[in-house]
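**Q** Pasting a structure here, questions to come.
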Amino acid sequence: MVEQLFSTGEGPGTRTKVAASEQPLAARMRPGSLGEFVGQEHLLGRGSALRTAIEDGRPHSMILYGPPGTGKTTLARLMAVNARAAFEEASAVNAGRQEVRDVIERAEHRRSTNAEPTIFFLDEIHRFNKAQQDTLLPAVEEGLVVLVGATTENPYFEVNNALLSRTQVYELRQLGPEQVLALLQRALGDERGLDGRCAAADDALEFLAARSGGDARTALAALELACETVGERPVTLRHAEDALQRRALRYDKEGDQHYDTISAWIKATRGSDPDASLLYLATMLEGGEDPRFIARRMVIFASEDVGNADPQALQVAVAAAHAVEHVGLPECAHNMAQATVYLALAPKSNASYKALGAARTWVRENGVPDIPHYLRSGAYPGAESLGRGQDYEYPHDEPGAVTGQELMPPEAEGRRFLELSDQGEEAALRERAAQLRRRRGAS
């Protein structure tokens with residue numbers, strides 16, 4: 001059912017008939033102004049388009065894309081309040097084209113009777129199929145409704161181009177632990193929240209802030225449950241663990257555990273033990289490690305330890321890193337697990353890594369090589385008069401696209417840096433390299 005909130009005389013958090021005192025803590029603590037809003041500084045800085053639209057009460061159609069609990073619904077409601085607009089809310093999970101048509105009809109009625117604008121907040125807009133999305137197009141294009149779509153999925157993959165072209169996409173970022181902690185501390189003392197009726201140990205609050213995955217709603221719900229459980233006693237770490245159903249880990253993201261655990265992950269993966277590799281991955285994720293740090297190590301590992309024994313490993317690792325950036329936690333953990341298993345089971349070779357090291361050592365010891373004139377660039381005025389690029393033997397003009405022309409600088413002739421392994425696909429490359437060396441020598 002589509003719910004309505006008319007902003008006149010009401011504030012955020014009043015879209016239901018449940019008394020404010022009986023609403024969940026996260027609903028009671030919903031910011032009533034941008035001054036109370038925590039996070040998303042990259043979108044809400046002074047003079048930014050989004051902040052200006054909200055403050056001036058002149059919102060535009062947009063899609064808010066980001067993880068749960070980062071403020072998408074709150075921003076939509078603040079827009080309605082500041083614009084003195086009717087607020088229509090629906091979830092694409094259970095709303096269809098008829099519900100959208102009903103919203104549009106009510107918007108037309110308001111516009112014709114008292115010129116009141118309508119903001120239509122459509123949660124999980126990615127769940128709408130193309131036909132459902134197309135129902136919105138005329139109303140959005142004409143400005144009859146200001147559409148604010150919310151999604152945790154990349155809208156460029158899930159929302160059709162016609163609707164995207166009529167909206168501005170804003171990407172919200174996961175809240176940091178310090179931001180979630182500030183919200184928890186505010187809730188303990190705010191009269192809308194717990195109003196001093198509950199106390200919590202610092203380590204309990206820090207645990208909730210660190211382990212809620214940047215989701216303010218999850219953290220506040222866990223704090224409320226913990227407070228209800230303890231009664232008049234202070235909330236301890238044990239109570240916070242019970243409320244969040246997660247164990248506190250002694251994991252220091254900036255200390256020994258950070259370096260020791262990623263070292264263990266690398267060595268277990270290099271040792272082709274997927275179970276150990278997954279265990280260390282899980283330790284880092286449960287400890288709140290930055291997934292981008294792990295993803296970077298995966299990409300490095302794919303070339304350093306797998307290499308051409310399985311060239312696909314690099315693609316898998318890069319895809320996992322891409323998922324971390326565009327999907328985010330918690331879902332990207334599945335992508336990282338898939339990549340971890342692939343990397344652990346892949347054949348291993350550090351031939352490229354060692355070859356580059358050998359080549360760099362040669363350069364450090366011998367200096368910049370004297371590049372033969374026929375290998376130098378001839379693509380600039382005067383190059384020909386200098387003899388640049390002349391006498392170069394074009395491989396594609398030769399049988400098998402191979403020439404016998406020396407490609408090493410004179411001082412490095414005969415030097416080999418690459419020694420391929422007999423692992424995986426690199427075994428075939430090893431044989432091919434040997435054949436090419438023989439053919440080039442024969443030529």
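**Q** Criterion first (under 14 Å from His60 (Cα atoms) and touching a helix residue (DSSP H, G or I) at 6+ places or on another chain (Cβ under 7 Å)) does Ala187 satisfy it? Walk me through it before giving the result.
**A** Values: under 14 Å from His60 (Cα atoms): no; touching a helix residue (DSSP H, G or I) at 6+ places or on another chain (Cβ under 7 Å): yes.
So Ala187 fails the test.
**Q** Name every residue in region 79-106 that is within 16 Å of Gly149 (Cβ to Cβ) and assigned to a helix (DSSP H, G or I), in order of residue number.
**A** Met79, Ala80, Arg97, Glu99, Val100, Val103, Ile104
**Q** Considering each residue of region 184-209, count those that are basic (Lys, Arg) and under 29 Å from the mean Cα position of the chain (by Cα), and give that number. Don't jump to the end; show me each part of the working.
**A** Keep residues of region 184-209 that are basic (Lys, Arg), which gives 186, 192, 197.
In the following step, the residues that additionally are under 29 Å from the mean Cα position of the chain (by Cα) were identified as 186.
Total satisfying the criteria: 1.
**Q** Out of (1) farther than 20 Å from Ala76 by Cα; (2) surrounded by fewer than 17 Cβ atoms within 10 Å (Cβ to Cβ), the odd one out for Leu194 is which?
**A** For Leu194, the failing item is (2).
**Q** Here's a follow-up. Being of a type in the set (Lys, Arg) and more than 33 Å from the chain's Cα centre (by Cα) is the filter here; which residues of region 210-238 pass it?
**A** In the first step, residues of region 210-238 are kept if they are of a type in the set (Lys, Arg); the result is 211, 217, 233, 238.
Once the filter is applied, which keeps residues that are of a type in the set (Lys, Arg) and more than 33 Å from the chain's Cα centre (by Cα), region 210-238 yields only Arg233.
**Q** Right, something else. With the structure loaded, tell me whether Arg173 is of a type in the set (Lys, Arg), under 19 Å from the mean Cα position of the chain (by Cα) and either surrounded by fewer than 17 Cβ atoms within 10 Å (Cβ to Cβ) or within 23 Å of Phe37 (Cα to Cα) (or both) or whether it fails that test. Please lay out each step first, then the result.
**A** Numbers: of a type in the set (Lys, Arg): yes; under 19 Å from the mean Cα position of the chain (by Cα): yes; either surrounded by fewer than 17 Cβ atoms within 10 Å (Cβ to Cβ) or within 23 Å of Phe37 (Cα to Cα) (or both): yes.
Yes, satisfied.
**Q** Sticking with this one: Scan region 307-344 for residues that are part of a loop (DSSP other than H, G, I, E, B) and charged (D, E, K, R) and jot them down.
**A** Here is the first cut: in region 307-344, the ones part of a loop (DSSP other than H, G, I, E, B) are 310-311, 327-331.
Correct list: Asp310, Glu331.
**Q** Could you check region 107-136 and list, in sequence order, the residues that are charged (D, E, K, R), closer than 18 Å to Phe157 by Cα and either over 28 Å from the mean Cα position of the chain (by Cα) or not in a strand (DSSP E or B) (or both)?
**A** Glu124, Arg127, Lys130, Asp134
**Q** While we're here: Where the second residue is in a loop (DSSP other than H, G, I, E, B) and the first is touching a residue at least 60 places away in the same chain (Cβ under 8 Å) and lies in region 190-213, which pairs have Cβ atoms under 7 Å and are six or more apart or on separate chains?
**A** Asp190/Met29; Arg192/Met29; Gly193/Met29; Ala210/Gly288; Arg211/Arg246; Arg211/Gly288; Gly213/Leu329; Gly213/Pro330
**Q** Only one of (1) within 28 Å of Arg415 (Cβ to Cβ); (2) in a helix (DSSP H, G or I); (3) at pLDDT below 95 is not met by Pro347, so which one is it?
**A** Status for Pro347: all satisfied but (2).
**Q** If you don't mind, there's one more thing I want to ask. Restricting to region 283-311, count the residues that are closer than 16 Å to Arg270 by Cα and either among the polar types (S, T, N, Q) or in contact (Cβ under 8 Å) with a residue 40 or more places away in the chain (or both). Before the answer, list the steps.
**A** Quick first cut of region 283-311, residues closer than 16 Å to Arg270 by Cα only: 294-311.
Okay, now just the ones that are also either among the polar types (S, T, N, Q) or in contact (Cβ under 8 Å) with a residue 40 or more places away in the chain (or both), so 294-295, 298, 301-311.
Total satisfying the criteria: 14.
**Q** Separate question: For residues in region 357-399 being in contact (Cβ under 8 Å) with a residue 40 or more places away in the chain and not in a loop (DSSP other than H, G, I, E, B), which is farthest from the chain's Cα centre (by Cα)?
**A** The qualifying residue farthest from the chain's Cα centre (by Cα) is Asn366.
**Q** With the structure loaded, tell me whether Ser272 is assigned to a loop (DSSP other than H, G, I, E, B), in the same structural domain as Ala302 (by TED's automatic domain parsing), closer than 20 Å to Glu304 by Cα and modelled with pLDDT of 90 or more or whether it fails that test. Don't jump to the end; show me each part of the working.
**A** Details: assigned to a loop (DSSP other than H, G, I, E, B): yes; in the same structural domain as Ala302 (by TED's automatic domain parsing): yes; closer than 20 Å to Glu304 by Cα: yes; modelled with pLDDT of 90 or more: yes.
Considered against the rule, which asks whether it is assigned to a loop (DSSP other than H, G, I, E, B), in the same structural domain as Ala302 (by TED's automatic domain parsing), closer than 20 Å to Glu304 by Cα and modelled with pLDDT of 90 or more, Ser272 comes out as yes.
**Q** Go through (1) crowded, with 16+ Cβ neighbours inside 10 Å; (2) not in a helix (DSSP H, G or I) for Gln257 and report which single condition fails.
**A** Among (1) crowded, with 16+ Cβ neighbours inside 10 Å; (2) not in a helix (DSSP H, G or I), Gln257 violates only (2).
**Q** In addition: How do the pairs read when you match residues in region 133-156 that are closer than 21 Å to Arg58 by Cβ with residues anywhere that are part of a helix (DSSP H, G or I) and among the small types (Gly, Ala, Ser), using Cβ under 8 Å and keeping only pairs 6 or more apart or on different chains?
**A** Listed pairs, sorted by first residue: Ala139/Ala107; Leu144/Ala107; Val145/Ala107; Val145/Ala139; Val146/Ala83; Leu147/Ala139; Val148/Ala76; Ala150/Ala76.
**Q** Anything in region 17-74 that is assigned to a loop (DSSP other than H, G, I, E, B), over 29 Å from Cys227 (Cβ atoms), among the hydroxyl-bearing types (Ser, Thr, Tyr) and touching a residue at least 12 places away in the same chain (Cβ under 8 Å)? List them, or say none. Can you show your working first?
**A** We begin by selecting, within region 17-74, every residue assigned to a loop (DSSP other than H, G, I, E, B); these are 17-19, 23-24, 29-33, 37-40, 45-48, 56-61, 66-71.
Now restrict to residues that are over 29 Å from Cys227 (Cβ atoms): 45-48, 56-61.
Next, only the ones that are among the hydroxyl-bearing types (Ser, Thr, Tyr) stay: 48, 61.
Result: Ser61, single match.
**Q** Scan region 38-52 residue by residue and report those that are surrounded by 15 or more Cβ atoms within 10 Å (Cβ to Cβ) and out of contact with any helix residue (DSSP H, G or I) (no Cβ under 7 Å at 6 or more places or on another chain). I'd like the intermediate steps shown before the answer.
**A** At the first step, the residues of region 38-52 found to be surrounded by 15 or more Cβ atoms within 10 Å (Cβ to Cβ) are 38-40, 43-44, 48, 50-51.
Listed by number, the residues that qualify are Gln40, Ser48.
The values are calculated or read from the model by the stated rules, or taken from the named source; none is laboratory data. The structure presented is a predicted model; accordingly, all values stated were derived computationally and were not measured. Reconstructed Cβ throughout: ideal geometry from the backbone, glycine too, with neighbour counts over all protein chains shown.
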